[in-house]
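Worksheet: one structure, shown below.
The values are calculated or read from the model by the stated rules, or taken from the named source; none is laboratory data. It should be emphasised that the depicted structure is a prediction, and the values quoted were computed from it without experimental measurement. Positions of Cβ are backbone-derived with ideal geometry, glycine not excepted, and every protein chain shown enters the neighbour counts.
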Amino acid sequence: MSNADSLATVMAITGASGAPYAVRLLEALVQAQQRVQLIVSDHGLRLLRTETEIGTVEALRTRIGAAAWDASVTLFDDNDRGAAPASGSARNRGMVICPCSMGTISAISQGTSRSLVERAADVALKERRTLVVVPRETPYIAIHLENMLRLTRAGAVVLPASPGFYHRPTSIDELVDFVVARVLDHLGVEHTIGRRWGDSPADA
């Protein structure tokens, strides 16, 4: 394993609809034996409770698997702006915010970080590290589009939770996997989730 591969990925869960994407992404990162620095905002925890019935961080740990969680995941408080992800000198391989609320996108695009999630994203951009944001909003208004354009120009990857259908999904899980697979691709994490364009069903 190279030094870059040993670095942790910062993952944040905020209050946009799309909790199943967050749970599946965290599960996939842990299964890929990636170290994860996890930040769950208060609204993100409420989202998990509403959409997945995961009401606490401990319940999320149980869902992912306690042993795997303990080996891979370090949890940070969103109110702790002095935590490691808030500093550019603390190395990591990049950050993903999944799902990413429009309020979070707005704060990052304007450089007005008020929480650890927003500060960690600011650090990812200024240190020229990968930043993937996964918005789940519809319809977009001009303000949303302008903020996402600003983030794109700053170097972030805006990856909306918009699953495709060319792989002929037959379940919600397959739709979730489609988006999670694209996120993993942009984080540079090897995986075998889903079927790529041109693959036969046996390749999945």
* **Tally of residues being among the aromatic types (Phe, Trp, Tyr) and under 19 Å from LEU116 (Cβ atoms) across the range 51-87** => 1
* Kindly indicate whether any position in the range 82-93 is without any contact (Cβ under 8 Å) to a residue 12 or more places away in the chain, surrounded by fewer than 23 Cβ atoms within 10 Å (Cβ to Cβ), among the hydrophobic types (A, V, I, L, M, F, W, C) and farther than 14 Å from HIS43 by Cα. => yes
* **Meets criteria (surrounded by 13 or more Cβ atoms within 10 Å (Cβ to Cβ), assigned to a helix (DSSP H, G or I) and either modelled with pLDDT under 95 or of a type in the set (S, T, N, Q) (or both)) for SER109** => yes
* Asked: Assuming LEU125 fulfils every condition listed in (1) touching a strand residue (DSSP E or B) at 6+ places or on another chain (Cβ under 7 Å); (2) surrounded by 20 or more Cβ atoms within 10 Å (Cβ to Cβ) apart from one, which condition is it?
  -> (2)
* Has the range 178-187 got any residue that is surrounded by 20 or more Cβ atoms within 10 Å (Cβ to Cβ), assigned to a helix (DSSP H, G or I) and over 15 Å from the mean Cα position of the chain (by Cα)? -> no
* Asked: In the list GLU146, GLU190, which residue meets the criterion of being surrounded by fewer than 16 Cβ atoms within 10 Å (Cβ to Cβ) and touching a Ser or Thr at 6+ places or on another chain (Cβ under 9 Å)?
  -> GLU146
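Being over 20 Å from PRO160 (Cβ atoms) and not aliphatic (A, V, I, L, M) is the filter here; which residues of the range 111-139 pass it? Don't jump to the end; show me each part of the working.
Pass one, the range 111-139, residues over 20 Å from PRO160 (Cβ atoms): 111-116, 119-120, 122-123, 126-129.
Result: GLY111, THR112, SER113, ARG114, SER115, ARG119, ASP122, LYS126, GLU127, ARG128, ARG129.
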